[in-house]
Structures are given as C-alpha cells and as structure tokens.
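The values are calculated or read from the model by the stated rules, or taken from the named source; none is laboratory data. Computed from a prediction, not measured in an experiment: that's the story for all the values here. Here Cβ is always computed from backbone atoms with ideal geometry, including for glycine, and neighbour counts include all displayed protein chains. SASA here: full protein model, heavy atoms, side chains in, ligands and nucleic acids out. Shrake-Rupley method; radii C 1.70, N 1.55, O 1.52, S 1.80 Å.
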Amino acid sequence: MRANIAAFAAIATLACNVLTSEAADDDVTSIRNEIQQLSESYEARIAELESRLEKMEMTEGRTVSSEGESASSVTKNRRIFDNTFNPSIGVILNGRYSEFSATSSEFGGFAVGEEGERGREGLAIDESEINFSASVDDKFYSSLTAAIVREDGEDKIELEEAYAQTMPGFSLPNGLSAKAGRAFWTLGYLNEHHAHADDFADRPLPYRVFLNKAFNDDGVEFSYILPTDLYAEVGGGLFRGDDFPLGNADGEIFRQWSSYARVGGDIGYDQSWRLGGYVLSGEPNGGRTSNESTVTFTGDTQLYVTDLRYTWAPGGNSRQKEVIFQGEYFWRNESGTYEDTNSSTGTVNFDDSSSGWYAQAVYKLNPRWRLGARYSRLEAPNVPVGLVGSALDSSGHEPVAYASMVDWTNSEFSRLRFQFNHEKLSTGQNDNQVIAQYVMSFGAHGAHKY
C-alpha cells in the first residue's frame with residue numbers, strides 16, 4: 001500500500017512540473033506541500049492500523065511464520081474461524097393433525113408395508129429429521145440423516161441415509177460419480193426426495209404400495225451425465241435387498257439391482273421439463289412381509305417406473321409464480337409364491353402384474369401461497385383362487401385417491417399446509433381425511449433436487 005502511495009505522489013509531482021509552465025511558482029509550491037501532507041497522513045494512518053492488526057493476531061494466537069511453518073509450530077491457543085472440517089447440521093420438525101371418517105384403511109388387492117399405511121389419527125409427530133453433511137475432503141462428500149418416528153407407542157430413531165459420494169477431485173471421468181451406503185436412490189421422481197420436501201402431506205398410492213413410501217436399501221449407485229447439449233443422465237445400482245419391496249437378505253450380497261435413464265431441458269427461459277425411465281429388479285426370499293406380517297412373498301419381482309415433470313414460471317421468476325405438472329407410472333410383475341397367514345390355503349403360486357399411477361398439479365400464486373390437486377389410482381392383479389378372501393383379494397375394486405391442498409410458506413424454513421383426501425381403497429370403503437401439517441427447519445439445509 002505504501003508503494004501505491006509513493007507512486008501516487010510521484011505522478012502528482014510530475015503533474016505539478018507540467019503545470020509550472022502555466023501557473024505561478026507560489027501555486028506549484030502550495031500544491032506540492034498539500035500532496036506531501038496527504039502522503040505523510042496516509043503513511044501514519046497505515047502504520048497505526050498495521051500495528052493494531054499485529055497486536056490482535058498475537059493476542060488470538062494466529063501469527064504464522066512467513067516461511068510456512070507447520071501447524072504444530074503455531075501457538076497452541078490457535079483458534080479456528082472457518083468450518084471446513086465441521087459438518088453442516090440441520091433439523092426438520094414435521095408434525096400434523098389428522099381426522100379420518102373410516103375406522104380402517106385397507107388396500108384391496110395389495111400387500112402393503114407399515115410405512116404405506118395412512119398413519120395415526122389425531123396429533124402426531126411425523127418423521128422429524130436430523131441431518132449432518134459435509135465435504136470430507138477434495139474427493140468425497142458425505143451425509144447422514146436420522147428420522148425420529150413413533151411406532152407402536154414408542155419413539156424410535158431410523159437411519160434414513162448414510163452415504164459417501166465422490167466429488168470431481170476424485171478424478172473420475174467428467175460427469176461420472178459414485179455413491180455408496182444407504183440413500184434414497186434414483187427411482188422415479190419422489191423417491192430421491194425426503195418426505196418433508198413433498199408438495200402434499202402424504203405420498204401417492206403407488207409409492208405407498210410398491211415402495212412402502214420410499215426405497216432406501218444399502219448399496220452402491222453410479223451415475224453418468226452425458227456430454228450433450230440436452231440434459232441426459234444414465235445410471236444404475238446394486239443393493240443388499242433388505243428393504244421393501246424385498247427383505248431379509250440373510251447375508252447374501254447384492255440381491256437387487258436398478259438402472260435408469262432420463263433426459264430434460266429448457267423451453268425458452270421460463271419452462272423446463274424432465275422425462276425418466278427406471279427399473280428395479282430382485283428376488284424376495286420370503287422376506288417381504290406386509291399387512292402386519294400376515295402376507296409373505298417369495299420369488300422374482302420387477303418394478304418399472306416412468307416419470308414426467310414440467311414447470312412453468314411466468315416471466316422466468318419461479319420465486320414469484322410457478323405452475324408444476326408431475327406424474328409417475330408404476331408397473332410391477334411378480335412370479336413366485338404368496339402365503340397369507342389369514343388364509344387356510346397356505347402357499348399359493350402367483351404370476352401376474354399390477355400397476356398404479358398418479359398425476360398432480362401445483363400452482364404458486366405468489367411467494368407464500370400455493371394450491372395443489374392430485375389423483376392416484378391402482379390396478380390390482382388377478383389373485384389365484386387360494387387367495388380369494390385374503391388381503392390380496394381386491395374383489396374387482398381398483399383403489400383410488402383424491403387429494404387437494406393449500407399451503408402457506410412464510411420463508412424457506414417454515415411451511416403450514418391444509419389438505420383434504422378422499423380415498424376409496426376397498427369395496428364399500430369411503431374415507432374422508434383432513435390433515436393439517438407444519439414443516440419447520442433450522443440449521444443448514446441443502447437445496448432440494450429439481
């Protein structure tokens with residue numbers, strides 16, 4: 001800085017020499033004196049600030065040798081002012097109040113896991129989460145999410161995600177990344193998202209039936225973003241097979257695999273879209289139990305999913321106003337044996353398919369208010385004679401559900417939602433549901449996926 005002041009003084013002095021041919025000698029002398037006074041004043045001020053800074057550094061123990069001494073040579077009272085090696089910590093509080101008009105809510109023609117049920121009536125805490133995430137170093141990123149839930153009258157901690165993911169510094173080919181551990185894997189649109197990020201208070205029927213709300217088995221997944229002008233991604237994974245729709249891996253390795261491909265892009269400056277196709281295949285070895293452990297399936301299962309999402313933000317500003325259309329279609333084929341402990345026929349051979357889909361629209365009126373509507377439907381398989389009258393007998397009924405919601409978002413950290421559902425899951429069953437929900441977050445929380 002002193003060098004800059006000296007240069008400034010030299011330039012000013014040169015300018016004064018030029019002016020001498022046009023100004024009186026006394027004027028030139030006066031200007032030179034003023035410049036000299038300014039230079040001396042700045043130098044004194046800089047010297048004072050440097051002295052104060054040096055004292056502060058010595059006091060806080062942060063003085064490091066200019067020759068690059070190691071950290072061990074620095075005073076032991078050294079304080080760390082950044083969080084390079086400290087994880088970001090975030091907490092999600094999720095609660096609701098629910099009222100149901102029907103005393104029970106059974107899916108006709110489907111064996112459903114516990115998480116796929118409609119939940120508890122009255123006031124309830126709904127999957128509050130604690131998340132830790134950080135860049136481990138220049139090559140790896142890690143994240144851990146634990147959900148606190150209440151089951152069977154007890155509060156339990158469930159590990160939802162615990163994974164490590166490669167970063168560009170790992171030196172994989174451009175666009176290629178790997179993730180290992182437990183995660184909400186790439187399967188359709190909603191599965192990659194935590195429930196609190198959904199547009200509705202509950203998940204649509206296909207997720208509740210085919211994935212027990214979400215698929216997050218232990219495994220490894222690879223993804224590759226192609227070097228094309230249009231967004232294009234392919235990938236796949238290998239999984240242990242402990243999570244629904246499988247279960248009970250019994251020490252086996254990689255009993256389940258997946259693959260996917262998706263494309264997307266922009267339409268102008270205010271519209272975007274994405275289309276994907278996915279497959280999840282495995283062999284449940286008598287481990288997939290449903291309907292309070294009364295139904296067990298053993299055999300082969302393949303689940304195919306396709307999703308489409310379209311967004312339109314008038315004027316290109318999605319924070320002010322936005323329209324989102326979203327839908328997914330599920331098709332499952334099963335070949336094996338079903339056993340229902342509530343049926344007297346024992347084990348029954350089964351080889352058939354079932355499907356389901358949902359479509360929804362969400363309209364953001366302004367930064368705080370949104371409206372949404374959703375329709376979901378299931379098509380049950382034809383069950384063998386031996387399972388007539390069991391949990392898998394749909395009696396010719398196709399489960400359907402309607403949902404409408406309005407929510408108010410005060411900021412990115414708080415949201416209140418009111419939702420009304422009408423479900424017809426079994427013959428003669430009509431269930432009107434009213435749900436009031438709050439979602440609050442504090443601490444660090446990463447942005448949600450597209």
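Between GLU151 and ASP137, the distance separating the two model label sites (each 7 Å from Cα on the Cα→Cβ line) works out to 3.7 nm. All distinct Cα pairs of the stretch 101-162 go into the 1/r average, and the inverse of that average, the Kirkwood radius, is 14.6 Å. Accessible surface area normalised per residue over the stretch 105-176 is 53 Å², counting heavy atoms of protein chains with a 1.4 Å rolling probe. I want the local charge near PRO367. Using Cβ-Cβ distances under 13 Å, sum +1 for each Lys or Arg and -1 for each Asp or Glu among the other residues. Net local charge, PRO367 excluded: +3. Straightening the chain between TYR402 and ASP351 buys 15.3 nm, computed as 0.36 nm per residue apart minus the Cα-Cα spacing.
At q = 0.15 Å⁻¹, what is the base-10 log of I(q)/I(0) for the stretch 206-278 according to the Debye formula with one equal point scatterer per Cα and no solvent? Please give it to two decimals. Calculated log10 I(q)/I(0) at the listed q: -0.65. Ligands, DNA and RNA left out, the 1.4 Å accessible surface of the stretch 83-222 is 56% carbon and sulfur atoms.
Protein heavy-atom surface of the stretch 301-356, 1.4 angstrom probe: 47% of the accessible area is carbon and sulfur, with nucleic acids and ligands not counted. Accessible area per residue, 1.4 Å probe, Å², for the stretch 294-371: what's the number? Result: 48 Å² of accessible area for each residue. Diffusion of the stretch 145-207 by Stokes-Einstein, at 4 °C in a medium of 1.567 mPa s and with Rh set to the Kirkwood radius over alpha-carbon pairs, works out to 90 µm²/s. Here r is the Cβ-Cβ distance between TYR231 and SER39 and R0 is 60 Å; the resulting FRET efficiency, rounded to 0.05, is 0.55.
Between LEU365 and TRP257, the contour length at 0.36 nm per residue exceeds the alpha carbon distance by 34.7 nm.
Near GLN320, once Lys and Arg are set to +1 and Asp and Glu to -1 for all other residues with Cβ below 14 Å from its Cβ, the sum equals +3.
The peptide list 97-106, 217-226, 148-157, put in order of mean Cβ contacts within 10 Å with the highest first, becomes 217-226, 97-106, 148-157. At full extension, LEU49 and ASN432 could sit 130.8 nm farther apart than now, given 0.36 nm per residue minus the alpha carbon distance.
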